Amino acid sequence: MTATATAANRRLMIVAMILTYMMFGILLNSVGTVILQSIQGFGISKGDASILEAFKDLPIAVVSFLTAALMPRLGYRRAMMLGLGIVGVACALMPLLSSFWMTKVLFIATGVSFALTKVSVYSSIGLLTEGKQAHASLTSIIEGWFMVGVLAGYWIFAWFINPDSPADPVWLRVYWLLAAMAALIVVLLACSRMDESAARDGHAAADSFLDMFRLVAQPLVAAFLVSAFLYVLIEQSVGTWLPTFNREILHLPTTMSVQAASIFAVSLALGRLAAGLALRRVPWHWLLITCVVAMALLVIVALPLAGQARPSDDMTWARAPLAAYVFPLIGLFMAPIYPAINSVVLSSLPKSRHAAMTGLIVVFSALGGTTGSFITGQLFARIGGGTAFYLSLLPMALLLLAIAMLKRQSARAERAIAAA
């Protein structure tokens with residue numbers, strides 16, 4: 001194959017990976033909107049609705065753990081196609097079987113599919129790049145486009161909600177569109193090509209499965225997993241409950257509540273795309289420490305503003321409380337953390353171990369997401385949304401310590417490699 005053809009295949013595969021990740025950005029982060037619509041349309045309590053995150057995240061954790069070692073044998077491209085096929089079918093069933101139990105089935109399907117997809121995408125990054133800087137750059141770009149998908153999802157779902165009757169099941173028609181999108185991306189992946197031989201070298205499937213346990217024993221990996229768990233706990237607790245926060249604490253109409261949550265997604269997308277540039281000039285640990293401190297300050301500033309919000313019969317964007325614009329900006333500072341810590345640990349490992357490591361990444365991310373959403377949902381129901389979000393300051397403080405620990409272990413690993 002010529003160099004030109006190889007470069008064209010690489011570009012097509014990256015585009016296919018980005019679109020796949022954007023598709024899951026829409027689906028995974030729709031849980032906040034679906035919680036709000038389930039409360040209004042299906043008459044579900046907040047406590048019951050809070051378990052939807054678990055229906056999404058626990059399958060991600062279980063499937064990632066069980067299948068990550070097998071993924072190189074199945075093939076990363078085929079695994080992405082399989083995941084998209086599963087969610088495409090689930091999306092097609094949503095408007096046909098309009099019920100809360102079907103939303104649970106949808107999120108189970110989404111979790112299973114994303115487990116296949118994330119392991120495949122993260123492992124493929126190592127096959128498509130050379131060197132730590134290129135790896136970090138492509139990781140940030142793909143994660144940035146994931147957040148563009150999240151942003152698009154807020155507006156796509158809001159467009160299908162009836163503003164005069166938010167409980168109207170017409171909003172379920174959004175899933176016909178999502179099913180069609182999944183089918184189109186499957187076709188694009190079928191036309192893409194990628195050399196996956198390096199991923200299969202050196203490890204049999206059973207060895208790769210055991211490799212996940214060996215990796216956990218490494219101090220660098222252990223420090224990373226703590227960091228990833230805490231980060232996703234914070235991000236999912238905010239992202240999942242932000243539409244409900246906007247509706248109940250800021251008193252925005254339902255459609256505006258969903259649309260206003262897209263500011264959080266915009267902030268994450270911009271932050272991750274910009275992080276690819278910033279990380280070339282600023283040491284990663286100093287950037288992340290600064291970001292966590294800024295997140296905490298924004299919580300301290302924005303939530304008192306939210307407490308001043310009052311209901312209004314003629315609520316518009318111009319009349320919306322300042323907190324509706326300020327609090328979601330926390331995403332701008334969250335953004336660089338996740339791709340940066342992922343790249344630090346993956347680029348320190350050989351490509352044959354990326355699938356096993358990505359399996360661990362997905363497992364601990366899923367557990368962090370479920371924990372954050374569940375705790376926040378229970379706190380929302382018992383002590384109110386404002387106080388619930390104030391309590392995010394605790395995991396932020398723990399995340400600072402985890403980043404410092406990750407930096408120390410990363411430096412030790414680099415010294416060990418240099419000495420060898």
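Annotations for the structure displayed:
- Single match in Pro219, Pro243 (criterion: touching a residue at least 40 places away in the same chain (Cβ under 8 Å) and crowded, with 24+ Cβ neighbours inside 10 Å): Pro243
Conditions (1) touching a Ser or Thr at 6+ places or on another chain (Cβ under 6 Å); (2) hydrophobic (A, V, I, L, M, F, W, C); (3) surrounded by fewer than 24 Cβ atoms within 10 Å (Cβ to Cβ), marked per residue:
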| residue | (1), (2), (3) |
| --- | --- |
| Ile289 | no, yes, yes |
| Trp317 | no, yes, yes |
| Phe327 | no, yes, no |
| Leu332 | yes, yes, yes |
| Val362 | yes, yes, no |
| Leu367 | no, yes, yes |
| Ser373 | yes, no, no |
| Leu394 | no, yes, yes |
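- Residue pairs whose Cβ atoms lie under 7 Å apart, separated by 6 or more positions or on different chains, with the first residue in segment 337-360 and more than 17 Å from Val292 (Cβ to Cβ) and the second among the charged types (D, E, K, R), are Ser347/Lys132; Ser352/Asp201; Arg353/Asp211; Ala356/Asp211; Thr358/Lys118.
- Within segment 293-305, residues that are within 15 Å of Tyr231 (Cα to Cα) reach partners that are part of a helix (DSSP H, G or I) and open to solvent by less than 50 Å² (accessible area, probe 1.4 Å) with beta carbons closer than 7 Å, at six or more positions or on different chains, in the pairs Met295/Ile330; Met295/Met334; Met295/Met396; Ala296/Met396.
- Any hit, segment 32-43, residues being open to solvent by 30 Å² or more (accessible area, probe 1.4 Å), within 15 Å of Gly359 (Cβ to Cβ) and out of contact with any Lys or Arg (no Cβ under 8 Å at 6 or more places or on another chain): no
- Close Cβ contacts (under 6 Å, 6 or more residues apart or on different chains) running from residues in segment 160-175 that are closer than 25 Å to Leu84 by Cα to residues that are open to solvent by 50 Å² or more (accessible area, probe 1.4 Å) and assigned to a helix (DSSP H, G or I) comprise Phe160/Arg173.
- Enumeration of residues in segment 65-84 that are of a type in the set (Ser, Thr, Tyr) and open to solvent by 20 Å² or more (accessible area, probe 1.4 Å): Thr67
- Complete set of residues in segment 101-120 that are open to solvent by less than 20 Å² (accessible area, probe 1.4 Å) and aromatic (Phe, Trp, Tyr): Phe107, Phe114
- Cross-chain or 6+ apart pairs with Cβ under 9 Å, segment 252-263 first and under 14 Å from Leu322 (Cα atoms), then acidic (Asp, Glu) and open to solvent by 10 Å² or more (accessible area, probe 1.4 Å): Ser257/Glu248
- Checked against (1) in a helix (DSSP H, G or I); (2) open to solvent by 10 Å² or more (accessible area, probe 1.4 Å), Ser98 passes all but a single condition, namely (1).
- Leading residue by the ranking (nearest to Val345 (Cα to Cα)) among those in segment 133-182 that are among the hydroxyl-bearing types (Ser, Thr, Tyr) and crowded, with 18+ Cβ neighbours inside 10 Å: Thr139
- Residue under evaluation Ala68, criteria (1) out of contact with any Cys (no Cβ under 9 Å at 6 or more places or on another chain); (2) modelled with pLDDT of 75 or more; (3) among the hydrophobic types (A, V, I, L, M, F, W, C), criterion not met: (2)
- In segment 376-420, the residues that are closer than 27 Å to Thr117 by Cβ and at pLDDT below 80: Thr376, Gly377
- Where Asn9 falls short, out of the listed (1) polar (S, T, N, Q); (2) over 18 Å from Val187 (Cβ atoms); (3) open to solvent by 30 Å² or more (accessible area, probe 1.4 Å): (2)
- Glu235 vs. criteria open to solvent by 10 Å² or more (accessible area, probe 1.4 Å) and either over 25 Å from Met405 (Cβ atoms) or among the basic types (Lys, Arg) (or both): no
- Top-ranked residue in segment 18-51 [being part of a helix (DSSP H, G or I) and at pLDDT below 80; ranked as nearest to Arg193 (Cα to Cα)]: Gly32
- Hey, Met102 modelled with pLDDT of 90 or more, over 18 Å from the mean Cα position of the chain (by Cα) and closer than 20 Å to Gln37 by Cα or not: yes
- The helices (runs of 4 or more DSSP H) found wholly in segment 217-318 and carrying at least 3 residues that are more than 21 Å from Phe389 (Cβ to Cβ) occupy 219-248, 262-278, 284-306.
- Annotation note: of Val62, Val87, Val15, the sole residue that is open to solvent by less than 40 Å² (accessible area, probe 1.4 Å), assigned to a helix (DSSP H, G or I) and modelled with pLDDT of 80 or more is Val87.
- Here Ala355 meets the list (1) surrounded by 24 or more Cβ atoms within 10 Å (Cβ to Cβ); (2) farther than 30 Å from Ala79 by Cα almost entirely, failing just condition (2).
- Selection of segment 127-168 for residues being among the hydroxyl-bearing types (Ser, Thr, Tyr) and in contact with a Ser or Thr (Cβ under 7 Å, 6 or more places away or on another chain) yields Thr139, Tyr154.
- Taken over segment 165-208, the criterion of being at pLDDT 75 or above, more than 27 Å from Val34 (Cβ to Cβ) and assigned to a loop (DSSP other than H, G, I, E, B) is satisfied by Cys191, Ser192, Arg193, Met194, Asp195.
The values are calculated or read from the model by the stated rules, or taken from the named source; none is laboratory data. Since this is a predicted model, take the numbers as computed values, not measurements. Neighbour counts are summed over all protein chains in view; Cβ atoms, including those assigned to glycine, are modelled from backbone coordinates with ideal geometry. Only protein heavy atoms, including side chains, enter the accessible area calculation; ligands, DNA and RNA are left aside. Shrake-Rupley method; radii C 1.70, N 1.55, O 1.52, S 1.80 Å.
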